[in-house]
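The values are calculated or read from the model by the stated rules, or taken from the named source; none is laboratory data. Because the structure is predicted, anything quoted here is derived from the model rather than measured. Neighbour counts run over all protein chains shown; Cβ positions are idealised from the backbone, glycine included.
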Amino acid sequence: MIVLGIESSCDETAAAIVNDKKEVLSETLLSQQEHKAFGGVVPEIAARAHLEHIDDIIEDCIAKSGVNIKDIDAIAATAGPGLIGGVVVGVMAAKALALALNKPFIAVNHLEGHSLIARLSNDISFPYLLLLTSGGHCQILIVKGVGSYEKLGSTIDDAAGEAFDKVAKMLNLGYPGGPIIEKMADKGDANRFVLPRPMINSGDFNMSFSGLKTAVRKIIESSSPDGTMEHAILSPKDTEDLCAGFQAAVTDCLAKKLDTAMKYFKKNYPAGKDAVVSGGVAANTYLRSHLLQTAEKNDLIFSAPPIRLCTDNGVMIAWAGLERFQKGLINKLDFKPRPRWPLEEIESE
Ligand code: KG4
Ligand code: ZN
């Protein structure tokens, strides 16, 4: 079984081909550079860039795979949630291919792509506990099966990745913020600045990162002679220490919430053995190593997708499409893309 997957819900235009032996036959990815100047993704620019590149990306992916286009069994695309202009571009391309090749079209929920991708690289069976942490989402879930999720909690304000991006913007470090902050943090002292861990002792599975971001802003402002962000004076060492402190605070919050969730998971799903982290923020090595320790403490096996498959990519959409196809879950060509599409609303039958 061979599935082509297309991703276009944010600022990556990507395609990949996978098979049911868990082999990635090819992958092509273009990270749009147009947004760097704005410190965040501009939806209209993203949609236009997807439109400009999608045909070449798909063509390149198929050519590199060595697969005859006629041997592709199904075409999957991210059909939401995400920036609707981009989602429509990917979905229309997938539907056109499906129609022309007379093959099934599969509408993949982007979050299900992030949720299932760890099963491609690791031997993980259902049910498993998942921390899904990206630029747009931060949730703790139990993945009971394809299309079957129990949400335990989520952020009540910013997603963790969004906080990384906003802090990087305040420090004039560029976009996306996560990888840059991680690099700066490597050289910094995480204990120099005292930063809050919002909601860490709330006892539930919800999270909050907006107050942490404000605390970072206040430290930056306090370095400025007139108290404004524009005139802040931070030495490279200040910036490194602030990045390290911020990364540690986010990690502490995520690790504590996951620790609580692990206890719930073990009690309520005794057959479950695995704890997984996925999504763009899961590319963070410091976070991964702390979550590994949390899992070990709770006697669970910790997994994370390879770093390149944490941030948005076509492989996760092709793989989720393949998992759905194996269950006979295909969609009609009149499926409407959904800018909002919570995991709990996915069809599993
Ligand atoms: O999953 P993703 O590519 O897109 C969404 O679905 O949102 O996640 C992108 C997010 C961005 O906020 C980015 O700053 C963050 O993931 N990110 C990281 C790292 N690499 C990417 N955050 C922390 N550390 C990283 N190494
Ligand atoms: Zn994503």
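Of note:
- Within segment 118-139, tally of residues that are away from ligand 2 (no atom under 16 Å from the Cβ), of a type in the set (A, V, I, L, M) and under 16 Å from the mean Cα position of the chain (by Cα): 1
- Subset of segment 173-209 [closer than 22 Å to LEU130 by Cα and more than 19 Å from the chain's Cα centre (by Cα)]: ARG197, PRO198, MET199, ILE200, ASN201, SER202, GLY203, ASP204
- Any hit, segment 279-292, residues being among the β-branched types (Val, Ile, Thr), assigned to a strand (DSSP E or B) and within 21 Å of GLN139 (Cβ to Cβ): no
- Failed condition for GLN33, given (1) assigned to a helix (DSSP H, G or I); (2) within 21 Å of the chain's Cα centre (by Cα); (3) over 30 Å from LYS144 (Cβ atoms): (1)
- Looking only at residues of segment 263-282 that are on the phi < 0 side of the Ramachandran plot and buried (at least 23 other Cβ atoms within 10 Å of the Cβ), we find that the one that is nearest to ligand 1 (Cβ to nearest atom) is GLY280.
- Test: residue in segment 150-169 that is among the polar types (S, T, N, Q) and within 16 Å of ligand 2 (Cβ to nearest atom): yes
- Test for ALA94: is it crowded, with 24+ Cβ neighbours inside 10 Å, away from ligand 2 (no atom under 16 Å from the Cβ), outside any strand (DSSP E or B) and aliphatic (A, V, I, L, M): yes
- Selected residue [assigned to a loop (DSSP other than H, G, I, E, B), among the hydrophobic types (A, V, I, L, M, F, W, C) and surrounded by fewer than 16 Cβ atoms within 10 Å (Cβ to Cβ)] from LEU329, LEU333: LEU333
- Any hit, segment 239-248, residues being without any contact (Cβ under 8 Å) to a residue 40 or more places away in the chain and outside the structural domain of VAL41 (by TED's automatic domain parsing): no
- Restricted to segment 14-32, and to residues there that are without any contact (Cβ under 8 Å) to a residue 60 or more places away in the chain and within 15 Å of ligand 1 (Cβ to nearest atom), the residue that is surrounded by the fewest Cβ atoms within 10 Å (Cβ to Cβ) is SER31.
- Residues of segment 228-238 satisfying the condition of being surrounded by 16 or more Cβ atoms within 10 Å (Cβ to Cβ) and either among the aromatic types (Phe, Trp, Tyr) or in contact (Cβ under 8 Å) with a residue 40 or more places away in the chain (or both): LEU234
Yes/no matrix, rows are residues, columns are (1) assigned by TED's automatic domain parsing to the domain that holds ALA295; (2) part of a strand (DSSP E or B); (3) within 16 Å of ligand 1 (Cβ to nearest atom); (4) on the phi > 0 side of the Ramachandran plot:
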| site | (1), (2), (3), (4) |
| --- | --- |
| LYS64 | no, no, no, no |
| ALA79 | no, yes, yes, no |
| GLY86 | no, no, yes, no |
| LEU99 | no, no, no, no |
| VAL108 | no, yes, yes, no |
| GLU112 | no, no, yes, no |
| LEU131 | yes, yes, yes, no |
| GLU150 | yes, yes, no, no |
| PHE164 | yes, no, yes, no |
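- Here VAL108 clears all of (1) in contact with a helix residue (DSSP H, G or I) (Cβ under 7 Å, 6 or more places away or on another chain); (2) away from ligand 2 (no atom under 16 Å from the Cβ); (3) of a type in the set (A, V, I, L, M) except the condition numbered (2).
Quick grid of which residues meet (1) within 16 Å of ligand 2 (Cβ to nearest atom); (2) farther than 15 Å from LEU132 by Cβ; (3) in the same structural domain as LYS103 (by TED's automatic domain parsing):
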{"position": "THR251", "(1), (2), (3)": "no, yes, no"}
{"position": "LEU258", "(1), (2), (3)": "no, no, no"}
{"position": "ALA261", "(1), (2), (3)": "no, no, no"}
{"position": "ASP274", "(1), (2), (3)": "no, no, no"}
{"position": "VAL277", "(1), (2), (3)": "yes, no, no"}
{"position": "ALA283", "(1), (2), (3)": "yes, no, no"}
{"position": "LEU291", "(1), (2), (3)": "no, no, no"}
{"position": "ASP334", "(1), (2), (3)": "no, yes, yes"}
{"position": "PRO337", "(1), (2), (3)": "yes, yes, yes"}
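- Complete set of residues in segment 315-340 that are among the aromatic types (Phe, Trp, Tyr) and within 18 Å of SER278 (Cα to Cα): TRP319
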